[in-house]
């Protein structure tokens, strides 16, 4: 169950409305680096959480906080669009009502679809994509995904900060930048709570470690024709991060022949020149095995 409060988590004000900046803010709402993504990611991870309840509770707290950040950004978009109506009306009445000039850099749909409010889209008007939401059921894998999400979100927020001279917008973005930094620390703290980076690697750490190909265990495979360029990284020598092996460099070499893929499926309708032999094709062969 969720509750809401009529107050914002942090103040949002715009000193001078800027429809073009409203369009940029859409990336922080519905973009791949945006708040809808992290909100749903943490909530779906929580709703599917198995094991100690403290992880579920923590994810629910943070996912719900992210709803507040969406609310703040939507408010900021609406405030930046304030006053656009009269300006648009004047320009539409002009001699050359070209859309790009009318809207002055704002998203046309913020006028024709949402009535000068925010939408669940990115700065290009592309709808939010649920496939960006990561919830694997493995707490360690999810924490690394969360660190990445907060990191790219913070990069976006810092760029938006530099793209505005509006003091109110800078103040709001400074709050979001601060929370992104905290959440990066938070997710890494969960990994530490789980035993630390080494203990959690490789993910999943429940799979039998003896099932491996030894010659490629802890091997950095270099495909660079200049092998001297790949010898001095932390990942090329010394103890592995999980403490269970030693890094080494292995030059990439061809190791196995390319398999013969066989005949095209006749029901797949390849070209006649590709067909030879008497094989009936995959689908007909399957029918032969399952039909009496």
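Laboratory data are not the source of any read-out in this text; all were calculated from the coordinates shown. Bear in mind the structure is a predicted one, so any value in this text is a computation, not a measurement. Ideal geometry is used to build each Cβ from the backbone, glycine not excepted, and the neighbour counts take in all protein chains shown.
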Quick one: helix 35-47 against the long Cα principal axis of the chain, what's the angle to the nearest 10°, folded into 0 to 90?
60 degrees
Taking Cα atoms only, helix 19-30 is inclined relative to the longest principal axis of the chain by an angle, in degrees rounded to 10, of 40 degrees
7 Å from Cα along Cα→Cβ at both residue 131 and residue 163: what's the point-to-point distance in nm?
2.4 nm
Highest-MSF residue in the chain out of 213, 134, 250 [GNM, Cα springs under 10 Å]
213
Report the residue, chosen from 198, 34, 233, that carries the largest GNM mean-square fluctuation when the chain is represented by alpha-carbon nodes joined by springs under 10 Å.
233
Contour minus Cα-Cα distance for residue 185 and residue 228 (0.36 nm per residue)
11.8 nm
Using alpha carbons only, how many angstrom separate the centre of the range 7-56 from the centre of the range 180-257?
32 Å
Please say if the range 19-198 is rounded, prolate or oblate, where rounded means a/c under 1.5 for a ≥ b ≥ c the square roots of the C-alpha gyration tensor eigenvalues, and otherwise the choice is prolate for a/b larger than b/c and oblate otherwise?
prolate
Treating only the Cα positions of the range 40-85 as identical point scatterers, give the base-10 log of I(q)/I(0) from the Debye formula at each q in 0.22 Å⁻¹.
-0.70
Protection proxy (average C-beta count within 10 Å per residue), highest first, orders 265-275, 111-121, 4-14 as 111-121, 4-14, 265-275
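Once you have a ≥ b ≥ c as the square roots of the Cα gyration tensor eigenvalues for the range 179-232, tell me rounded if a/c is under 1.5, and otherwise prolate or oblate according to whether a/b is larger than b/c.
Details: a/c = 4.04, a/b = 1.47, b/c = 2.75.
Judged from the Cα gyration tensor, the range 179-232 comes out oblate (a/c at least 1.5, b/c at or above a/b).
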With Cα springs under 10 Å, the Gaussian network model of the chain assigns the largest mean-square fluctuation among 241, 32, 225 to 225
